[in-house]
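The values are calculated or read from the model by the stated rules, or taken from the named source; none is laboratory data. In this text, all values refer to a predicted model and were calculated from it rather than measured experimentally. Counting neighbours? That spans all protein chains shown, and the Cβs are built from the backbone with ideal geometry, glycine included.
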Amino acid sequence: MSSFPRLARTGHTSHCKICLSGLPFSQVEVDSSRIALILYCFGTLDLLGTLSTKTSETDRQKWRDWLWEQQTSGKHGTGFKPSAYMTPQGGNDEYGDYDAPHLIMTYAALLSLAILRDDCSKLNRTGIVQLIRACQHEDGSFSALPDGGEADLRSVYCAFALSSMLDDWSGIDIDRAVAYIQRCSSYEGGYGQIPYNEALGGTTYCALAALHLAPGTTLSSPETRITPAERARTIRWLTQNQTSCGGFCGRTGKLADACYCFWCGASLSILGAGELVDSTALALWMAQCQYKFGGIAKAPSERPDPYHTYLSLAALALHPPSEGASSWELFPFNMFWNTTEETAQWVRDHVPAHKA
């Protein structure tokens, strides 16, 4: 017991606080997706239980204000821009063709505001449903932007997650979207970003979470959207992705990467097979990915970043080691919305359309 490594909770908190106060040089390239970076930092602090104790209410209010400045409305509905890097004006101005709201960043903003315990009184719920509708294509897929851009399972998941949080599915043709997800299934067992693509750990999570989030329709239900044979094939592929080092890889035959410990581990939990994760081996490998000054990297000896720090902790929250000190204890985690259960409850209490 005493030889089991510790989770560097203080260091991981410090890493995220540094990134929130100003991007270090290693993270400057993600400034155009600042809301996502903010979610990873807030998510880490939420999992560690240090947001209220290691940040001030003044700072938390500044972050709330900044997030609301990114909410913008226009002809395609309402959502959140990735950051103010191109359009520094406030969120009250109608967006144009080049600064439209982003579906994935709207999901990240909504979770961030929930972690900050905002009451969401400023949220334009009807506008977000309109944005979701504008992002769906004829084939059932979703693009991140209403006027085009990449269309793959990441955007599908965010559209489903937003609709679930709002408890309003009127912006989605569920049956068409479900059919698109099913077409992304790969012979390997996982799901690709788009139909006929190689299976990936991240998009497999997006597919499985979305299929379970959507309510039943006349054509399908969450229980019938994956056949027993498909479930068994996906479980086999996911378990094979846990490599001999203890971490998970995201593609067949690749090296382990800390983020896939969540994407694959959470996918197994969604399928009711979370017990197949070797949680002790996972934690021992994750301990090697910890940076000595805080943060978790994609692999040992790599540079840490908020993305891998957050997803590593999320994986550990779902699959805690069977041994080790209390330093490894994290808050219960909602595997469908990708946030703590406490924050998920805040969403249920403040975000749905009927709460407005």
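Give the residue, chosen from T227, T203, T217, that is in contact with an Asp or Glu (Cβ under 6 Å, 6 or more places away or on another chain) and either farther than 30 Å from Q345 by Cβ or among the polar types (S, T, N, Q) (or both).
T217
So, of the residues in the range 22-52 that are surrounded by fewer than 14 Cβ atoms within 10 Å (Cβ to Cβ) and hydrophobic (A, V, I, L, M, F, W, C), which turns out to be modelled with the highest pLDDT?
Only one residue tops the list, namely V28.
Give R251, R236, R231 a once-over and let me know the one that is in a loop (DSSP other than H, G, I, E, B) and modelled with pLDDT of 95 or more.
Every option except R251 fails the conditions.
Just to check your reading of the model, which residue among G140, G127, G79 is within 22 Å of F42 (Cα to Cα), touching a residue at least 40 places away in the same chain (Cβ under 8 Å) and among the small types (G, A, S)?
G79
Report the residue count in the range 293-303 for those that are surrounded by 16 or more Cβ atoms within 10 Å (Cβ to Cβ) and either acidic (D, E) or closer than 15 Å to L45 by Cβ (or both).
The qualifying residues number 3.
Listed residues T343, T309; which is of a type in the set (S, T, Y), under 17 Å from L7 (Cα atoms) and not in a loop (DSSP other than H, G, I, E, B)?
Exactly one of T343, T309 is of a type in the set (S, T, Y), under 17 Å from L7 (Cα atoms) and not in a loop (DSSP other than H, G, I, E, B), namely T309.
Check whether at least one residue in the range 104-112 is surrounded by fewer than 20 Cβ atoms within 10 Å (Cβ to Cβ), of a type outside the set (A, V, I, L, M, F, W, C) and either under 23 Å from K75 (Cβ atoms) or modelled with pLDDT of 95 or more (or both), and report yes or no.
No; the residues of the range 104-112 include none that is surrounded by fewer than 20 Cβ atoms within 10 Å (Cβ to Cβ), of a type outside the set (A, V, I, L, M, F, W, C) and either under 23 Å from K75 (Cβ atoms) or modelled with pLDDT of 95 or more (or both).
Given the structure, is A297 closer than 30 Å to R34 by Cβ, of a type in the set (A, V, I, L, M), free of Cβ contacts under 8 Å to residues at least 60 places away in the same chain and touching a strand residue (DSSP E or B) at 6+ places or on another chain (Cβ under 6 Å)?
yes
Scan (1) hydrophobic (A, V, I, L, M, F, W, C); (2) surrounded by fewer than 18 Cβ atoms within 10 Å (Cβ to Cβ); (3) on the phi > 0 side of the Ramachandran plot for the single condition A179 breaks and write down its number.
Among (1) hydrophobic (A, V, I, L, M, F, W, C); (2) surrounded by fewer than 18 Cβ atoms within 10 Å (Cβ to Cβ); (3) on the phi > 0 side of the Ramachandran plot, the lone unmet condition for A179 is (3).
Using beta carbons and a limit of 7 Å, which pairs, at least six apart or on different chains, have the first residue in the range 178-205 and closer than 16 Å to I270 by Cβ and the second one modelled with pLDDT under 95 and among the polar types (S, T, N, Q)?
Correct list of pairs: V178/S220.
Determine, yes or no, whether P321 is modelled with pLDDT under 95 and assigned to a loop (DSSP other than H, G, I, E, B). Quick ask: steps written out before the conclusion?
Details: modelled with pLDDT under 95: yes; assigned to a loop (DSSP other than H, G, I, E, B): yes.
Taking the combined requirement at face value, the residue satisfies it.
Take the conditions under 20 Å from the mean Cα position of the chain (by Cα), surrounded by fewer than 20 Cβ atoms within 10 Å (Cβ to Cβ) and in contact (Cβ under 8 Å) with a residue 40 or more places away in the chain and apply them to R231. Does it pass?
no
Could you please tell me which pairs satisfy a Cβ distance under 6 Å, a separation of 6+ or placement on different chains, a first residue in the range 96-115 that is outside any helix (DSSP H, G or I), and a second residue that is among the polar types (S, T, N, Q)?
That search, which allows pairs on different chains as well, returns D99/T87; P101/T72.
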